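*Asks:* To start, I am sharing the structure in question, which I have written as structure tokens.
The values are calculated or read from the model by the stated rules, or taken from the named source; none is laboratory data. Nothing here was measured: the structure is a model prediction, and the numbers come from that model. We place every Cβ from the backbone using ideal geometry, glycine too, and count neighbours over all the protein chains shown.
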């Protein structure tokens with residue numbers, strides 16, 4: 001029973017990381033109709049912001065999290081203004097080629113400045129070790145991830161899907177000219193949306209560096225996972241992304257525990273089954 005609980009908890013904490021990294025891509029693809037595969041590069045950038053801030057400047061770990069969110073959000077705005085906005089309305093293949101090119105460029109840049117080795121992450125003492133909770137021995141850092149992920153999910157659902165801002169984003173996507181005629185600043189709305197999505201990816205990367213490892217190949221390792229979360233959950237749905245990420249995390253951890261040699265295969269089985277039954281994702285909506 002303890003092993004089952006441990007697998008379940010580890011899968012949930014892993015799923016929380018996938019959710020934070022992928023929810024921004026779900027927003028940009030579902031609300032803005034833009035395929036931004038560079039989302040995983042934003043996650044990697046957030047991880048390196050955290051590492052550099054802690055190692056070079058002695059910034060406490062908790063302060064590096066909002067720092068990663070803000071800095072990566074700023075980078076997202078710059079890229080959106082200088083590059084991405086010129087590709088709104090283009091076909092999916094063009095957007096995929098553009099953003100996958102940015103992924104490989106980011107890998108080369110990170111390798112040039114920090115080398116190709118894994119970065120060492122030193123967590124504060126209060127986040128290391130184990131803690132007894134409800135009769136189970138759990139890792140303190142994973143408890144931290146679950147708590148933070150739950151708070152973020154709550155804020156995103158009520159902050160993006162049930163607010164005027166979320167309605168304005170969807171209005172801009174459905175008919176940008178009509179939204180402009182109604183007085184909406186579509187350029188500002190799209191820039192803010194990109195900033196939030198990119199900032200969340202950076203936050204996820206900073207939080208995941210301790211568990212998933214951080215090196216220049218980080219985007220390539222987790223690009224497929226992020227795409228699976230968005231596909232299963234349904235583009236543009238925060239709740240769908242959360243459900244898909246948790247299911248994927250539990251399936252991946254359980255599969256690798258019980259069937260180490262083929263454990264990674266189970267997530268693809270789950271993906272195929274869901275897409276056959278729900279082509280638009282669990283909570284996806286037809287455009």
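*Asks:* Can you tell me which condition residue 86 does not meet? The list is (1) in a helix (DSSP H, G or I); (2) touching a helix residue (DSSP H, G or I) at 6+ places or on another chain (Cβ under 9 Å), and all the others hold.
*Replies:* (2)
*Asks:* Ok, one more. For the subset of the stretch 113-156 comprising residues that are surrounded by 15 or more Cβ atoms within 10 Å (Cβ to Cβ) and more than 19 Å from residue 210 (Cβ to Cβ), which member is modelled with the highest pLDDT?
*Replies:* Here the answer is 153.
*Asks:* Inside the stretch 211-243, can you point out the residues that are farther than 25 Å from residue 112 by Cα, more than 12 Å from the chain's Cα centre (by Cα) and in a helix (DSSP H, G or I)?
*Replies:* Those that are farther than 25 Å from residue 112 by Cα, more than 12 Å from the chain's Cα centre (by Cα) and in a helix (DSSP H, G or I): 231, 232, 233, 239, 240, 243.
*Asks:* Would you confirm, using the coordinates I've provided, whether residue 75 is over 13 Å from the mean Cα position of the chain (by Cα) and over 20 Å from residue 123 (Cα atoms)?
*Replies:* It is true that residue 75 is over 13 Å from the mean Cα position of the chain (by Cα) and over 20 Å from residue 123 (Cα atoms).
*Asks:* Sticking with this one: State all residues of the stretch 30-42 that are surrounded by fewer than 24 Cβ atoms within 10 Å (Cβ to Cβ) and under 14 Å from the mean Cα position of the chain (by Cα); if no residue qualifies, say none.
*Replies:* Passing the criteria: only 37.
*Asks:* Which numbered condition trips up residue 110, out of (1) within 20 Å of residue 197 (Cβ to Cβ); (2) touching a helix residue (DSSP H, G or I) at 6+ places or on another chain (Cβ under 7 Å); (3) at pLDDT 90 or above?
*Replies:* (1)
*Asks:* On to the next question. Under the condition of being in contact (Cβ under 8 Å) with a residue 24 or more places away in the chain and farther than 12 Å from residue 25 by Cβ, which residue from the stretch 220-236 is surrounded by the fewest Cβ atoms within 10 Å (Cβ to Cβ)?
*Replies:* 220
*Asks:* What tally of residues in the stretch 244-267 results from selecting those that are free of Cβ contacts under 8 Å to residues at least 24 places away in the same chain and either in a helix (DSSP H, G or I) or buried (at least 20 other Cβ atoms within 10 Å of the Cβ) (or both)?
*Replies:* 5
*Asks:* Looking at (1) more than 15 Å from residue 106 (Cβ to Cβ); (2) touching a residue at least 40 places away in the same chain (Cβ under 8 Å); (3) part of a helix (DSSP H, G or I), which one does residue 201 not meet, given that it meets all the others?
*Replies:* With (1) more than 15 Å from residue 106 (Cβ to Cβ); (2) touching a residue at least 40 places away in the same chain (Cβ under 8 Å); (3) part of a helix (DSSP H, G or I) applied to residue 201, the lone miss is (1).
*Asks:* Of the numbered conditions (1) within 23 Å of the chain's Cα centre (by Cα); (2) at pLDDT 85 or above; (3) surrounded by 13 or more Cβ atoms within 10 Å (Cβ to Cβ), residue 93 fails exactly one; give the number of that condition.
*Replies:* Failed condition: (3).
*Asks:* Turning to a different aspect of this structure: Does the stretch 206-216 include one or more residues that are touching a helix residue (DSSP H, G or I) at 6+ places or on another chain (Cβ under 9 Å), closer than 13 Å to residue 28 by Cα and surrounded by 20 or more Cβ atoms within 10 Å (Cβ to Cβ)?
*Replies:* no
*Asks:* Is there any pair with a first residue in the stretch 90-111 that is farther than 9 Å from residue 38 by Cα and a second that is modelled with pLDDT under 90 and exposed (fewer than 12 other Cβ atoms within 10 Å of the Cβ) whose Cβ atoms are under 9 Å apart and which are 6 or more apart or on different chains, and what are they?
*Replies:* 110/116
*Asks:* Any residue at all in the stretch 179-197 that is surrounded by 15 or more Cβ atoms within 10 Å (Cβ to Cβ), within 18 Å of residue 47 (Cβ to Cβ) and under 16 Å from the mean Cα position of the chain (by Cα)?
*Replies:* Yes: one or more hits.
*Asks:* Just one of the numbered conditions (1) surrounded by fewer than 19 Cβ atoms within 10 Å (Cβ to Cβ); (2) without any contact (Cβ under 8 Å) to a residue 40 or more places away in the chain; (3) in contact with a helix residue (DSSP H, G or I) (Cβ under 7 Å, 6 or more places away or on another chain); (4) farther than 23 Å from residue 147 by Cα is not true of residue 53; which one?
*Replies:* (1)
*Asks:* Now for a different question. For the subset of the stretch 79-89 comprising residues that are more than 19 Å from the chain's Cα centre (by Cα) and touching a residue at least 60 places away in the same chain (Cβ under 8 Å), which member is farthest from residue 226 (Cα to Cα)?
*Replies:* 81
*Asks:* Taking the stretch 17-74, which residues are farther than 26 Å from residue 248 by Cα and outside any helix (DSSP H, G or I)?
*Replies:* Residues satisfying the conditions are 58, 59, 60.
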